[in-house]
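Written below as structure tokens is the structure these notes are about.
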Amino acid sequence: MTGGLLVAAALAGCGENSPLGFLKGKDATATAKASPAPQPEGGDIEAPELFARTETGLWDGRPSLGGIWVAHPDVNDPQRVRIRNQSNQKTIVGALFRRERALPGPRFQVSSEAAAALGLLAGAPAELDVIALKRAPEAETPPETEPAGDGAAASETPAAADPPEAGAGAEPATTLSRPFVQVGIFSTEQNAERAAAQLRGAGLPAQLREHSAGDKSSWRVLAGPAQSESERMTLLTKAKAAGYADAYAVAD
């Protein structure tokens with residue numbers, strides 16, 4: 001995986017404007033609690049139980065692929081994270097991946113687009129506060145009921161009590177906790193739209209999700225939703241074949 005990215009980065013025009021410009025790089029601690037910060041906007045809440053580190057990070061100065069991301073060796077599964085530069089308080093939302101190689105120096109590896117958004121200089125370590133995000137649980141609303149014919153309060157909705165019979169033409173409903181496949185997070189809508197168009201060209205249903213953190217916005221590109229595990233696997237396979245080698249399943 002890492003070797004493939006190094007080859008891609010060596011190609012002329014390996015930035016986001018190239019056909020390979022949407023690939024994510026993977027190549028990044030002492031356990032430390034993330035310092036308190038305002039909750040992100042857009043329905044996300046912080047999830048320190050999934051990942052939370054405050055450590056130095058470094059951008060090595062080379063153009064990297066895949067939009068906004070950081071990598072760290074303590075990561076087990078890809079996550080959506082809030083990244084904050086402690087020196088200037090600039091904050092963005094991006095992706096977190098596992099860093100495959102343990103190299104001397106800061107263990108957070110920072111992509112070129114993330115470095116630009118955070119105000120990091122090439123080769124200059126900076127203290128980063130990185131904490132995982134998850135969707136806020138939606139408030140439950142009581143189901144609507146039709147008034148009973150005799151004026152009594154209706155306590156049930158019999159019409160929805162029984163499952164539809166086979167062949168009744170009911171809409172399929174997904175039971176997957178992670179029915180979407182995320183292929184990247186981008187700091188500009190134009191690059192996100194380009195990635196979505198590439199997915200649609202490969203026959204995938206693609207959509208954009210905008211998220212804000214302070215005065216910064218980012219755009220996630222998703223494929224889906226899948227109605228079954230086999231359909232989700234097909235989405236993942238096609239997304240990776242289209243060049244998004246680090247695509248992974250997400251809730252929404």
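The values are calculated or read from the model by the stated rules, or taken from the named source; none is laboratory data. A quick note: this is a predicted structure, and the numbers were derived from the prediction, not measured. Glycine gets a Cβ as well: all are built from the backbone with ideal geometry, and neighbour counts include every protein chain shown. Heavy atoms of the whole protein, side chains included, go into the accessibility calculation; ligands, DNA and RNA do not. Shrake-Rupley method; radii C 1.70, N 1.55, O 1.52, S 1.80 Å.
Might you work out the accessible area of residue 133 for me, using a 1.4 Å probe with all protein chains in place, and round it to the nearest 10 Å²?
Counting only protein heavy atoms, residue 133 exposes about 10 Å² to solvent.
Would you mind checking which residues have amide H under 5 Å from residue 248's amide H? H placed 1.01 Å from N; only 5 or more apart, or other chain.
182
Roughly how many whole Å is it from the C-alpha centroid of the range 70-110 to that of the range 224-245?
Here the two parts' Cα centres lie 25 Å apart.
Label-point separation (nm) for residue 193 and residue 89, each offset 7 Å from Cα along Cα-to-Cβ?
Label at residue 193, label at residue 89, 3.3 nm between them.
In what sequence, highest mean first, do 198-206, 73-81 appear when ranked by Cβ atoms within 10 angstrom? Walk me through the intermediate numbers first.
Details: 198-206: 16.6, 73-81: 18.4.
Packing order, densest peptide first, comes out as 73-81, 198-206.
What net charge is computed for the residues neighbouring residue 225, neighbours being all others with C-beta under 11 Å from the C-beta of residue 225, Lys and Arg scored +1, Asp and Glu -1? Please list the in-between numbers first.
Details: positive: 178, 232; negative: 231, 252.
Taking every other residue near residue 225 into account, the sum is 0.
Counting only other residues whose beta carbon sits under 10 Å from that of residue 122, what net charge do I get with K and R as +1, D and E as -1? Please list the in-between numbers first.
Numbers: positive: 62; negative: 60.
Net of charged neighbours comes to 0.
Short version: ³J(HN,Hα) in whole Hz for each residue of the range 236-244, in order, from phi by Karplus 6.51 cos²θ - 1.76 cosθ + 1.60 (θ = phi - 60°), x for Gly and Pro, what are they?
So the Karplus estimates, Gly and Pro as x, are 4, 4, 5, 5, 5, 5, 7, x, 9 Hz.
Per residue of the range 125-131, in order, report the coupling 6.51 cos²θ - 1.76 cosθ + 1.60 (Karplus, θ = phi - 60°) as ³J(HN,Hα) in whole Hz, putting x for Gly and Pro.
Computed from phi, the couplings for the range 125-131 are x, 9, 6, 10, 10, 10, 9 Hz.
Provide the per residue accessible area, probe 1.4 Å, for the range 197-252, rounded to a whole number of square angstrom.
Values: 2530 Å² over 56 residues.
Value returned for the range 197-252: 45 Å² of accessible area per residue.
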